[in-house]
Amino acid sequence: MVKGDGVIPHEFVVVRTDLPADQLPLDEDRTEVDEDAVDAVGEVEDVDPGTTQDLVLTLAPGNYVAFCNIENHYGAGMHVAFTVH
């Protein structure tokens with residue numbers, strides 16, 4: 001379950017990658033992750049504050065990063081790396 005927090009909508013994107021969480025490729029404007037350049041395995045968009053959305057993924061063992069891909073949110077630190085064993 002993805003829960004919207006704060007006062008504006010967010011996204012929750014999960015990608016499989018061996019890159020550090022803060023080193024994903026950015027778009028031309030350098031304000032968002034270039035989702036065409038990463039291996040996205042799932043996402044939910046437009047998670048409004050105070051709401052929840054389900055995201056069910058079956059992840060293979062490996063390294064992943066979850067992040068918000070709203071303009072400037074990734075660069076502000078809205079990302080986390082995790083490993084599935």
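Considering only THR31, GLY42, VAL84, and ranking their Cα positions along the charge dipole of the chain that arises from unit charges at the beta-carbon of Lys, Arg, Asp and Glu, the one farthest toward the positive end is VAL84.
Computed from backbone phi, the HN-Hα couplings of the range 52-60 come to 10, 9, 7, 9, 10, 10, 10, 9, 6 Hz, rounded to whole numbers (Karplus: 6.51 cos²θ - 1.76 cosθ + 1.60, θ = phi - 60°; Gly and Pro given as x).
Close amide H contacts of THR17 (hydrogens built in the peptide plane, cut-off under 5 Å, sequence separation of 5 or more or a different chain): ASN63, TYR64, VAL65. When the GluC sites (Glu not before Pro) in the range 12-85 are filtered for DSSP coil states and for at most 12 other beta-carbon atoms within 10 Å of their beta-carbon, the remaining sites are GLU28, GLU71.
Compute the Cα gyration tensor for the range 39-84, then decide on rounded, prolate or oblate, letting a ≥ b ≥ c be the square roots of its eigenvalues: rounded whenever a/c is under 1.5, prolate when a/b is larger than b/c in the other cases, and oblate in all that remain.
Working: a/c = 2.32, a/b = 1.28, b/c = 1.81.
Oblate, since a/c reaches 1.5 and b/c is not below a/b.
Taken about its Cα centre, the chain carries a charge dipole of roughly 480 debye when the Cβ of each Lys and Arg holds +1 and the Cβ of each Asp and Glu holds -1.
If every alpha-carbon in the chain counts as one equal scatterer, what log10 I(q)/I(0) does Debye give at q = 0.10, 0.13 1/Å? Log10 of I(q)/I(0), two decimals: -0.23, -0.39.
Here, each number is a calculation from the coordinates, and none is a lab measurement. As the structure is a prediction and not an experimental result, all values here were calculated from the model. With ideal geometry, Cβ positions are generated from the backbone for all residues, glycine too; neighbour counts draw on all protein chains shown.
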